[in-house]
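Participant: What follows is a structure written as structure tokens; I'll ask about it next.
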Amino acid sequence: MSTNQDNKTLSAEHLSAFSTCVFDFYQIARQVPCDEFQHVVLQRLSKLVNFSSAWWGRSNVLMDRPRYLHSAFLYALPDSYLDDWERIQQYDATIDRAFEQPEKAIFIDLANDTSISSELVALGKCHGFDQIACVMQFEELMLNTRHLSLYRKGDAFSTEELGLIENLMPHLILALEMNQIRSTYMSVLSANQRSPVALAVTSPEGLLQSAEPSFIQALRGEWPNWRGPRLPFSIELTKYRGNTLSIDIKHTEEHCLLLIRIHEMVERLSQRELDVARLFSSGRTYKEIASVLSLSPHTVRYYLRNIYSKLNVNGKADLVRLMVTKDALQ
């Protein structure tokens with residue numbers, strides 16, 4: 001009978017791989033949208049622990065059995081898997097063993113363990129696996145469980161693989177929560193914006209202490225020679241607007257929170273250039289634009305050359321397309 005291994009110590013090689021994987025989890029949590037996070041993070045996990053499919057779920061618990069499935073993410077499994085599992089749930093030994101040893105990685109060998117029900121064996125055969133590794137964690141305040149089940153066909157999960165799964169599970173849960181909170185917060189911030197927002201924290205003196213990679217990239221787009229850690233603009237401001245970006249600055253006693261947004265191409269135009277671009281893209285001639293804006297036709301041509309250069313367009317058709325997009329967004 002396949003049982004949980006009590007001694008799941010990690011070798012130095014596996015410990016190094018574990019540390020790198022944990023780091024990647026948190027990087028993914030910061031960079032990937034909420035609806036893509038679980039797929040991307042499980043792809044990363046599959047480079048450390050071999051599996052072909054997975055089920056990552058959250059359930060309400062009653063009498064040591066899942067009662068209500070709050071969420072279920074299926075990795076390389078069809079949607080029909082959940083219906084198939086529901087039909088044989090009472091025969092699934094994975095649940096009993098996981099509840100008996102919470103926070104411990106257990107494994108089930110469908111190919112060789114004669115105590116396993118034929119229903120669970122048939123489920124594995126239908127969906128292409130005969131080995132299961134599962135770890136379950138309880139949320140006592142909400143009477144919920146979080147579980148991760150990994151599936152594959154062939155070799156049983158080793159003691160070291162189970163140790164990796166067991167120790168990675170808390171990080172997976174925390175990274176998921178971070179990703180959900182950040183994604184929701186950023187969605188709220190970006191609701192009235194036309195481009196994504198990136199975050200950073202500085203000291204009151206303007207020394208960068210923590211920043212998302214996209215924040216650094218944005219700064220270097222505006223200031224190519226900047227290397228930090230001191231910011232290249234005054235932190236005493238509440239808002240900075242540059243050629244390619246805008247930064248909102250929120251002050252606290254000990255830190256400053258910076259929210260950076262990359263400008264849309266059209267936003268790089270001055271107000272006068274924007275007026276000329278709108279009139280020209282609407283079909284006005286140089287002379288008509290000059291008359292409306294009280295400029296000379298020569299000055300209108302000068303503005304249009306600047307507009308083409310800033311927007312990296314080569315003709316009126318491209319300019320019209322950009323201006324129509326901007327007006328639609330507004």
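Participant: From the set of residues in the stretch 123-162 that are assigned to a loop (DSSP other than H, G, I, E, B) and of a type in the set (A, V, I, L, M, F, W, C), which is surrounded by the most Cβ atoms within 10 Å (Cβ to Cβ)? Spell out how you get there, then give the answer.
Facilitator: Step one: of the stretch 123-162, the residues assigned to a loop (DSSP other than H, G, I, E, B) are 128-130, 140-143, 153-158.
Next, from what is left, pick out any that are of a type in the set (A, V, I, L, M, F, W, C): 129, 141-143, 156-157.
Details: 129: 22, 141: 6, 142: 11, 143: 12, 156: 20, 157: 25.
Looking at residues that are assigned to a loop (DSSP other than H, G, I, E, B) and of a type in the set (A, V, I, L, M, F, W, C), I get 157.
Participant: Go through the stretch 247-262 and give me each residue that's of a type in the set (A, V, I, L, M) and either touching a helix residue (DSSP H, G or I) at 6+ places or on another chain (Cβ under 7 Å) or in contact (Cβ under 8 Å) with a residue 40 or more places away in the chain (or both).
Facilitator: 257, 258, 259, 260, 262, listed by residue number.
Participant: Does any residue of the stretch 154-170 turn out to be in contact with a Gly (Cβ under 7 Å, 6 or more places away or on another chain) and in the same structural domain as residue 74 (by TED's automatic domain parsing)?
Facilitator: Just the residues of the stretch 154-170 that are in contact with a Gly (Cβ under 7 Å, 6 or more places away or on another chain), to begin with: none.
No: the stretch 154-170 contains no residue that is in contact with a Gly (Cβ under 7 Å, 6 or more places away or on another chain) and in the same structural domain as residue 74 (by TED's automatic domain parsing).
Participant: Quick check: anything in the stretch 11-22 at pLDDT 90 or above, under 16 Å from residue 149 (Cβ atoms) and surrounded by fewer than 17 Cβ atoms within 10 Å (Cβ to Cβ)? Spell out the reasoning first.
Facilitator: Here is the first cut: in the stretch 11-22, the residues at pLDDT 90 or above are 18-22.
Filter once more, keeping what is under 16 Å from residue 149 (Cβ atoms): none.
No, the stretch 11-22 has no match at all.
Participant: Please find, among 120, 168, the residue that is within 24 Å of residue 16 (Cβ to Cβ) and assigned to a helix (DSSP H, G or I).
Facilitator: Only one candidate passes the filter, namely 168.
Participant: Something else now. Could you check the stretch 34-113 for helices (runs of 4 or more DSSP H) lying wholly inside it with 2 or more residues that are modelled with pLDDT of 90 or more and surrounded by fewer than 16 Cβ atoms within 10 Å (Cβ to Cβ)?
Facilitator: So the answer is 34-46, 80-88.
Participant: Only one residue in 294, 203, 281, 210 is farther than 26 Å from residue 30 by Cβ, of a type in the set (S, T, N, Q) and surrounded by fewer than 17 Cβ atoms within 10 Å (Cβ to Cβ). Which one? It would help to see each step written out before you state the result.
Facilitator: On the way: 203 fails: farther than 26 Å from residue 30 by Cβ; 281 fails: surrounded by fewer than 17 Cβ atoms within 10 Å (Cβ to Cβ); 210 fails: farther than 26 Å from residue 30 by Cβ.
Sole residue among the options that is farther than 26 Å from residue 30 by Cβ, of a type in the set (S, T, N, Q) and surrounded by fewer than 17 Cβ atoms within 10 Å (Cβ to Cβ): 294.
Participant: Quick one: which of 152, 146 is among the charged types (D, E, K, R) and either under 13 Å from residue 58 (Cβ atoms) or modelled with pLDDT under 90 (or both)? Show your work before the answer.
Facilitator: Details: 152 fails: either under 13 Å from residue 58 (Cβ atoms) or modelled with pLDDT under 90 (or both).
Only one candidate qualifies: 146.
Participant: Between a first residue in the stretch 87-104 that is without any contact (Cβ under 8 Å) to a residue 60 or more places away in the chain and a second residue that is among the charged types (D, E, K, R) and part of a helix (DSSP H, G or I), which pairs have beta carbons less than 6 Å apart while being 6 or more apart in sequence or on different chains?
Facilitator: Pairs found: 88/119; 91/119.
Participant: Still on this structure: Taking residue 165 and the conditions (1) of a type in the set (Val, Ile, Thr); (2) more than 27 Å from the chain's Cα centre (by Cα); (3) buried (at least 20 other Cβ atoms within 10 Å of the Cβ), which numbered condition does it fall short on, given that it satisfies the others?
Facilitator: Result: residue 165 passes all but (2).
Participant: Also, I was wondering about something else. Working only within the stretch 224-241, note down all residues that are more than 27 Å from residue 29 (Cα to Cα) and either among the aromatic types (Phe, Trp, Tyr) or crowded, with 17+ Cβ neighbours inside 10 Å (or both).
Facilitator: Passing the criteria: 233, 235, 240.
Participant: Hey, can you tell me all the residues within the stretch 243-269 that are under 17 Å from residue 206 (Cα atoms) and either among the small types (Gly, Ala, Ser) or surrounded by fewer than 18 Cβ atoms within 10 Å (Cβ to Cβ) (or both)?
Facilitator: 246, 248, 250, 251, 252, 253, 254, 255, 257
Participant: Which of the residues belonging to the stretch 200-248 are under 25 Å from residue 270 (Cβ atoms) and of a type in the set (Ser, Thr, Tyr)?
Facilitator: 234, 238, 240, 244, 246
The values are calculated or read from the model by the stated rules, or taken from the named source; none is laboratory data. Computed from a predicted model, the values in this text were never measured in an experiment. With ideal geometry, Cβ positions are generated from the backbone for all residues, glycine too; neighbour counts draw on all protein chains shown.
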